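Report on one structure; see the data block that follows.
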Amino acid sequence: MLADQYDLPLSTASTTARDAYVQGCHLLLTLYPGAADAFDRAIEADPGFALAHAAKALARFMAGDIPAAQAAIANANALSAGLPARETSHLAFFDRLIAGQTEAALDAGRAHLETWPRDRMVANMCGSFAGLLTFSGRVSRSEELLALLTRLVPHYGDDWWFTTHHAMALIEAGQRTAARPMIERALGQNPQNAWAAHTFAHYCYEDGDPHTARAFLTTWLPTYPKTAPFHGHLSWHLALGELEAGNANAALSLYHQALALDAHSGPPRGKLSDGASFLWRWELAGHPRDPVAWQAMLDFINETFPRAGLGFADMHIALAQAVAGDGAAIEARIRQMEDLLREGRYATGPVVPALARAFAAFQRQDFAAAIAAIEPIMDQRYRVGGSRAQVDLLEFTLLRAYTASGRTDDVRRMLGARRPGPSGIPVVGLAAIH
């Protein structure tokens, strides 16, 4: 029987299908373009190859094309009869993932990895920092992610793909010293691994070293296709480094080149989070508002995200609605969140509704109300999902509200308790206090 690159048997007799599937998995897991096309070639060579249909579903899901993902996983399920246990379990995991059943998918993924730990496609969706645990709404998500990957270490060793994600989990758990040599090894083994470039950008951010991040990304990004799904997000990291270093013009240029809606290469959720968070941080740093960019973002939101759903997206939607001063839209979406919460279908709990009201108050310059809304949920802020670099938007907003209110003691208290982080926090008024 043919096998994949991790020696897992595949239910296809076509070497052409197997080779195309392996290539698609490699492209998908290094965040390069062409994965869906490779899976289509695998399906063309063997229409009965169920795992190729499931992989195509994942590629479409990651691109934000949910109808296409649902169609592909339906095709995979239609071919599931008589498959070996590993492939049956693999399909069951992706069926739950595509259906949006986060908890059920997590349970299925963990059980699957207990038996087949080298099934990299499942491990990626459970153990990467864009995976299920990160967006599970759990306060303990970072600890759980590191524990999962630590259990998998004996099965992967010094594998460049695994090492990349293990290093990212260590960084998020505050273990940067252990992570640095791992990132360097992963990049040395596969310099084209966009996940490794991303992990190094996070390492530099957490280490308060924007200059190293800028030097690395300005060299690495030109080697990465502009159409690749992570080009926009890695440009966001570079733009943060420029903001942190005080290079406003360079940061704004990156926004227009890679983060604006018509320039960003990523899926809709990436366009939303990278674009909205940059525009908000730009203003927190004391730079003038771009009303045209914000209006474009609001139009995009109304067309693409008409209803509340994922807390991480809803948090960024709240930023645009707050800037627009559309209190009715904010309250309508909050009601949708709260309805989902009552039904047990909103993993972030009350955190994002509180943040939506905080952002609206902040924009009204009612800083006392913004502070009162943010402070009680700060210990739950990681429930929104995303990395610590992304969640820092909440800390920066609170710091700006403190400075605008003249609450210098709170600024000093917060900075004193803050983890070692960006050496120059781009929040206007902070330097005079700190």
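The values are calculated or read from the model by the stated rules, or taken from the named source; none is laboratory data. Being a predicted model, the structure only gives us computed values, none of them experimental. Every residue, glycine as well, gets a Cβ built from its backbone with ideal geometry; the counts of neighbours run over all protein chains shown.
When the residues of the stretch 73-92 are filtered to those that are free of Cβ contacts under 8 Å to residues at least 60 places away in the same chain and outside any helix (DSSP H, G or I), which remaining residue is surrounded by the most Cβ atoms within 10 Å (Cβ to Cβ)?
LEU79
Give the residues of the stretch 204-228 that are within 20 Å of LEU29 (Cβ to Cβ) and part of a helix (DSSP H, G or I), sorted by residue number.
TRP220, LEU221, THR223
State whether one or more residues within the stretch 411-418 are touching a residue at least 24 places away in the same chain (Cβ under 8 Å) and in the same structural domain as PRO288 (by TED's automatic domain parsing).
No, there is no match, as no residue in the stretch 411-418 is touching a residue at least 24 places away in the same chain (Cβ under 8 Å) and in the same structural domain as PRO288 (by TED's automatic domain parsing).
If I go through the stretch 327-360 residue by residue, how many of them are out of contact with any helix residue (DSSP H, G or I) (no Cβ under 8 Å at 6 or more places or on another chain) and among the charged types (D, E, K, R)?
6
Just a yes or no: is a residue in the stretch 241-254 more than 23 Å from LYS226 (Cβ to Cβ), outside any helix (DSSP H, G or I) and assigned by TED's automatic domain parsing to the domain that holds PHE362?
No, that holds for no residue.
Just wondering, is there one or more residues in the stretch 182-200 that are within 23 Å of ARG419 (Cα to Cα) and part of a loop (DSSP other than H, G, I, E, B)?
no
Of the residues in the stretch 1-40, how many are of a type outside the set (D, E, K, R), in a helix (DSSP H, G or I) and under 20 Å from THR88 (Cβ atoms)?
Selection size over the stretch 1-40: 4.
Kindly list the number of the only condition in (1) in contact (Cβ under 8 Å) with a residue 60 or more places away in the chain; (2) in a helix (DSSP H, G or I) that fails for THR348.
Only one criterion in (1) in contact (Cβ under 8 Å) with a residue 60 or more places away in the chain; (2) in a helix (DSSP H, G or I) is unmet by THR348, namely (2).
Which of the residues that make up the stretch 101-141 are under 21 Å from ALA313 (Cβ atoms), in contact with a Lys or Arg (Cβ under 9 Å, 6 or more places away or on another chain) and not in a helix (DSSP H, G or I)?
Hits for the stretch 101-141 are LEU133, THR134, PHE135, SER136, GLY137, ARG138, VAL139.
Kindly provide the set of residues from the stretch 2-38 that are surrounded by fewer than 19 Cβ atoms within 10 Å (Cβ to Cβ) and on the phi > 0 side of the Ramachandran plot, ordered by number.
Passing the criteria: ASP7, GLY34.
Quickly run through the stretch 229-240 and pick out the residues that are under 18 Å from LEU29 (Cβ atoms) and part of a helix (DSSP H, G or I).
Answer for the stretch 229-240, where residues must be under 18 Å from LEU29 (Cβ atoms) and part of a helix (DSSP H, G or I): HIS231, HIS233, LEU234.
Filter the stretch 1-41 for residues that are within 28 Å of ALA196 (Cα to Cα) and β-branched (Val, Ile, Thr); which is modelled with the lowest pLDDT?
Filtering the stretch 1-41 for residues that are within 28 Å of ALA196 (Cα to Cα) and β-branched (Val, Ile, Thr), the one modelled with the lowest pLDDT comes out as THR30.
Collect the residues in the stretch 118-147 that are among the acidic types (Asp, Glu) and closer than 21 Å to VAL22 by Cα, keeping them in residue-number order.
Scanning the stretch 118-147 gives a single hit, ASP119.
Being surrounded by fewer than 24 Cβ atoms within 10 Å (Cβ to Cβ) and not β-branched (Val, Ile, Thr) is true for just one of ALA276, ALA245, ALA318. Which residue is that?
ALA245
Output yes when any residue across the stretch 361-369 is assigned by TED's automatic domain parsing to the domain that holds GLY309, assigned to a loop (DSSP other than H, G, I, E, B) and in contact with a helix residue (DSSP H, G or I) (Cβ under 6 Å, 6 or more places away or on another chain), and no when none is.
no
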